[in-house]
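The values are calculated or read from the model by the stated rules, or taken from the named source; none is laboratory data. None of the values given here were measured: they were computed from a predicted structure. Using ideal geometry, Cβ is built from the backbone for each residue, glycine included, and neighbour counts are taken over all protein chains shown. Please note that ligands, DNA and RNA were not included when accessible areas were found on the heavy atoms of the full protein model with its side chains. Shrake-Rupley method; radii C 1.70, N 1.55, O 1.52, S 1.80 Å.
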Amino acid sequence: MKEFSKSSKIGIIGAGTMGSGIAQVAASAGHSTILFDVDPAVLKKAEAALKSLFDKLIEKGKYTRDQADQLLHRISFSTTMNDFHSCELVMEAIIEKLEVKQSVFSQLEKIVSESCVLATNTSSLSVTSIAAACTNPERVIGIHFFNPAPLMPLVEIIPAISTHENLPISLKQLITDWGKSVVIVKDTPGFIVNRVARSFYGESIRIHEESWEGIPSGTIGFSTIDWAMKEIGGFKMGPFELMDLIGNDINYTVTETVWTQFFYDPKFKPSLTQKRLFEAKRFGKKSNIGYYNYSLPQPFPAALKDLVLAEKIFMRVVSMLINEAVDALYLNVANRDDLDTAMLKGVNYPKGLLKWCDEIGAQIILDTLNGLREFYDEERYRPSPLLKKMASENKKFYS
Ligand code: NAI
């Protein structure tokens, strides 16, 4: 079994948003860390950004100057991968293009020692397809951090079908020691979070688009749906606020990728409403307009505060979310605890979805889905076989 220690040197490829965040995480945990990028200007920018971040953290009293200096001293910046020769783990966080990643991995393999582990931070490519570029794919694995890496507690570890069976456990130990909540996920589109969370967005957009419950199309405004999900569901942010924060460019692309990779399964079908926002460059907060117009006074109050309607909105969305989590369990994408941890720590849901299923009752979730399926006549609403089994046997996920 591969063992890591504080003296294990860590390499990171790509000094953009994710790479520089991951470098900070590794250096904070005491590792000597090398951050590499093909673009020297990006490296300079990353170095300056880290310095100014730590100046701010010192001001806030989170670090002493000595501690910050020691930490920053552990990160070196490099324009050649040759510096990775003594690394025990190299994590890649470059552009999301399969051919580029494959080429980097095959070059990397020739530089590092035989025992070095090679990881990718990809969000949407199959880890197996990246590992296939290597002569020793047993040491290739996915380590998926969330943005911003130093603040987001969740890390998904994704063994490819070719990954050595002990590697996920060794890495889980290492990254847990870095203070993260680590889950292990099968190499499937969207892993846990980006798969299970899809209907939070997609189903909410459909509710908005439709003439629903006798209310004309488009009348159930974004703010009403956001309010319903927060008021009834206890979500910290509503779906439209969250999409505007993530960016409709990123959120739309993830949805389209997951849908395509699941061979166009209607459960994951993207929405035209969001595609048009993307085309109009209405990305959300970063472009000052998305579902909401951020030049208007905030917060955006709910247009319609109807608790009966809110309950219906919540039940429709939460039933879809729970069904996906149950189906992911059914398909062995991850175990029960990891599925619930991922949604709690990766997207800040108020409850794990399997726990939520127990609380609401599998039969009620099943009835909601069956009602939607009958009404729409769409496969999108098909219940997971496991949900049907839990309902018919009156079972709970947590006993
Ligand atoms: P970014 O665009 O901020 O940074 C990518 C960096 O890689 C750039 O600095 C670029 O110069 C460098 N680069 C490109 N080709 C290279 C090569 N051949 N060798 C070395 N460096 C190279 O991208 P970001 O957002 O940091 O994403 C990186 C990876 O992390 C992608 O695979 C992305 O899907 C994944 N990811 C991104 C998240 C996000 O929210 N931004 C969240 C989780 C994963």
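Determine whether A303 is small (G, A, S), over 30 Å from K97 (Cα atoms) and open to solvent by less than 60 Å² (accessible area, probe 1.4 Å).
Details: small (G, A, S): yes; over 30 Å from K97 (Cα atoms): yes; open to solvent by less than 60 Å² (accessible area, probe 1.4 Å): no.
Taking the combined requirement at face value, the residue does not satisfy it.
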Checklist outcome for this item: The condition of being free of Cβ contacts under 8 Å to residues at least 40 places away in the same chain, open to solvent by less than 60 Å² (accessible area, probe 1.4 Å) and either among the polar types (S, T, N, Q) or under 20 Å from G221 (Cβ atoms) (or both) holds, among N323, N293, N288, only for N293
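Name the one entry in L329, L309 that is open to solvent by less than 80 Å² (accessible area, probe 1.4 Å) and within 18 Å of F191 (Cα to Cα). Steps first, answer last, please.
Numbers: L309 fails: within 18 Å of F191 (Cα to Cα).
Selected residue: L329, the only one of L329, L309 that is open to solvent by less than 80 Å² (accessible area, probe 1.4 Å) and within 18 Å of F191 (Cα to Cα).
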Checklist entry - Hey, among the residues in region 114-138 that are open to solvent by 30 Å² or more (accessible area, probe 1.4 Å), of a type outside the set (S, T, Y) and assigned to a helix (DSSP H, G or I), which one's farthest from the ligand (Cβ to nearest atom)? => result E138
Checklist entry - Could we say that E88 is open to solvent by less than 60 Å² (accessible area, probe 1.4 Å), more than 16 Å from the ligand (Cβ to nearest atom) and touching a residue at least 60 places away in the same chain (Cβ under 8 Å) here? => result yes
Checklist entry - Within region 228-273, how many residues are part of a helix (DSSP H, G or I) and more than 19 Å from the chain's Cα centre (by Cα)? => result 7
Checklist entry - Is it true that K45 is open to solvent by 60 Å² or more (accessible area, probe 1.4 Å), more than 15 Å from the ligand (Cβ to nearest atom), farther than 22 Å from E156 by Cβ and over 25 Å from the mean Cα position of the chain (by Cα)? => result no
Checklist entry - Based on what the data block shows, is T79 open to solvent by 40 Å² or more (accessible area, probe 1.4 Å), closer than 16 Å to P150 by Cα and near the ligand (Cβ under 10 Å from one of its atoms)? => result no
Checklist entry - If you check M91, M81, M1, which single one turns out to be under 24 Å from V182 (Cβ atoms) and more than 27 Å from the chain's Cα centre (by Cα)? => result M1
Checklist entry - Has region 106-113 got any residue that is more than 10 Å from the ligand (Cβ to nearest atom), out of contact with any strand residue (DSSP E or B) (no Cβ under 8 Å at 6 or more places or on another chain) and either of a type in the set (K, R) or open to solvent by less than 10 Å² (accessible area, probe 1.4 Å) (or both)? => result yes
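Run down G142, G179 and say which single residue is touching a residue at least 12 places away in the same chain (Cβ under 8 Å), crowded, with 17+ Cβ neighbours inside 10 Å and within 30 Å of C87 (Cβ to Cβ). First the steps, then the outcome.
Details: G179 fails: crowded, with 17+ Cβ neighbours inside 10 Å.
Among G142, G179, only G142 is touching a residue at least 12 places away in the same chain (Cβ under 8 Å), crowded, with 17+ Cβ neighbours inside 10 Å and within 30 Å of C87 (Cβ to Cβ).
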